[in-house]
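Notes follow the structure.
The values are calculated or read from the model by the stated rules, or taken from the named source; none is laboratory data. Model, not experiment: these values are computed from the prediction. Ideal geometry is used to build each Cβ from the backbone, glycine not excepted, and the neighbour counts take in all protein chains shown. Surface areas here come from the heavy atoms of the whole protein model, side chains and all, with no ligands, DNA or RNA. Shrake-Rupley method; radii C 1.70, N 1.55, O 1.52, S 1.80 Å.
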Amino acid sequence: VFNAETAELLSHHQVEIKQEFPKEGWVEQDPKEILESVYECVENTCEKLKQLNIDISNIKAIGVTNQRETTVVWDKTTGEPLYNAIVWLDLRTQSTVERLLKRIPGRNKAFSKFKTGLPLSTYFSAVKLRWLLDNVEEVGQAVDDGRAMFGTIDSWLIWSLTGGKNGGIHCTDVTNASRTMLFNIHSLEWDPELCKFFDIPMEILPKVRSSSEIYGLMVCFLTSGALTGVPISGCLGDQSAALVGQMCFKNGQAKNTYGTGCFLLCNTGQKSVFSEHGLLTTIAYKLGRDKPVYYALEGSVAIAGAAVRWLRDNLGIVESSEEVEKLAAEVGTSYGCYFVPAFSGLYAPYWEPSARGIICGLTQFTNKNHIAFAALEAVCFQTREILDAMNKDCGIPLNQLQVDGGMTNNKILMQLQSDILCIPVVKPSMPETTALGAAMAAGAAEGVGVWSLNPGDLTAVTCELFEPQINTEESEFRYARWKKAVIKSMGWETSEGTSNGKSK
């Protein structure tokens, strides 16, 4: 909960959501658990407000932000999900992508680039939805019976929070729609030709709205009933929300969010710029029904914070994510060890699904501290690759990088990032910029009007600055070694994927 006049964070609560890995390369979440976590967060946040003697009737609007591309299909008559949500970095659709490529002249992955801004990849929602239609009987049956609804997580939440099976609103916003591969980012409508190509019935798709307007009113299932009747009036995919929260409203302003993955977005204004260097063209925001649409260039890294989680959960070399910073600080170098965390293939700028994670440059001297350092360095090198591509596409090199997301609390990481980019890194003192962006969109909506987005009214944010501390030659040498490691990670997996851990 934010103060609409000062953008100050008043109260918050968070719950970690379980990820399930039913097979190698598969990543799922339970949509009902996601919904329950929202109720739990709302309940606890309201409780904390009461303890601060803040009347919760002061909450004027609700904004939703979500991990994009994660796909869910549910039954509108029962309100039940028909399968777990398939998470954005899930790889099960590799064979679906291969099959679709065969139908495209010259197997051109960029066949829809000028309509959608995206290459054909396991990453986007259309192929996940195609997989569900092909492989889950209940989904196919529900579509035939006219009971199925498709959405990214924002749609599932808004539908559930506005009444669900009793009149819930089935909608999404332009930023989330632009990540499905079914949406024309120029006409701002679902594209009949693409729906036909993927063989997806258009009647299951949500209505596309702007990122800032009243979609419906909250129907509360909370014990307190506190927020019943409050409008849900902001909706932005997480990376767009962070761009808004970082106040990157000018052409050429960019931010990098460090979460499970890493996402660098650069505002290109009201013009869509198409990348020659492996970046995506995406919708940045449309802050009102009658407001113009703004575009962004985006570089996506699949594995950032997830690499730290992997060190904790899979290797057990740390007990908490915070411990990684401590281990890395003890050595201050990877001692020639390089970690390419291509667990889900490589995303931008390579789009290489055959890559797999590798740790190389090991010697008998290497220990867990060096691997922890290499994991942090990997996040920074991946960001550098994207920034290089962005500078080439935009023609104007960034002179500083605005950052946000959970990992930015790691000071070693932020210093490393500045060293590897050779430019200053600027971190706002309030790291919850994604939530702030959703709140700004909600508060600025017509009919709510408690938040002004005029540049003159926006509060300047206090920031922490990290400046490069190593010389450029050292930085370039380490980056060149990293590039060498990336090449070694490629071509590892056959396109058919693996079965029971054995290559076909």
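Points to keep in mind about this one:
- Contour minus Cα-Cα distance for Ala329 and Glu446 (0.36 nm per residue): 37.2 nm
- Near Gly163, the amide H atoms lying under 5 Å from its own belong to Val219; only residues 5 or more places off or on other chains count, and H is placed 1.01 Å from N.
- A crude spin-label estimate for the pair Asn367 and Gln400, with each label 7 Å from Cα along the Cβ direction, gives 3.8 nm.
- For region 270-388, the equivalent ellipsoid derived from the alpha-carbon gyration tensor has semi-axes of 34, 16, 12 Å in decreasing order.
- Farthest positive-ward along the chain dipole, Cα basis, beta-carbon charges - from Ser300, Gly395, Tyr83: Gly395
- Lysine pair number, Cα distance threshold 20 Å (strictly under), region 20-239, separation 8 or more or different chains: 24
- Given +1 at the Cβ of Lys and Arg, -1 at the Cβ of Asp and Glu and no other charges, the dipole of region 34-191 around its Cα centre is 820 debye to the nearest 20.
- In the complete set of protein chains, residue-level accessible area for Lys368 is approximately 100 Å², probe 1.4 angstrom.
- Estimated FRET transfer efficiency (His12, Arg103; beta-carbon r; R0 51 Å; 0.05): 0.65
- Within the chain, the selection of entire DSSP H helices by a Cα span of 24 Å or greater along the long axis and an average Kyte-Doolittle value of at least -1.0 returns 31-51, 368-394.
- Computed on protein heavy atoms with a 1.4 Å probe, the accessible areas place Glu352, Glu69, Glu203 in the order Glu203, Glu352, Glu69, largest first.
- Heavy atoms of Ser240: accessible area, 1.4 Å probe, square angstrom to 10: 0
- Label zone of His277 (point 7 Å out along Cα→Cβ, amide N under 16 Å): in region 367-397 this covers 381-397.
- Prolate/oblate/rounded label for region 20-239 (Cα gyration tensor, a/c 1.5): prolate
- Solvent exposure of the chain, expressed per residue, is 41 Å² of accessible area, with all protein chains present and a 1.4 angstrom probe.
- FRET efficiency, Cys360 to Thr228 (Cβ-Cβ, R0 51 Å, nearest 0.05): 0.35
- Charged side chains reduced to their Cβ positions (Lys and Arg at +1, Asp and Glu at -1) give the chain a dipole of some 1220 debye around its Cα centre.
- For Rg/Rh (Cα atoms, Kirkwood Rh), the candidate list reads [x] 0.98; [y] 0.95; [z] 1.14; the entry that matches the value derived from this model is [y].
- Heavy-atom surface analysis with a 1.4 Å probe gives the chain a carbon and sulfur content of 51 percent of its accessible area.
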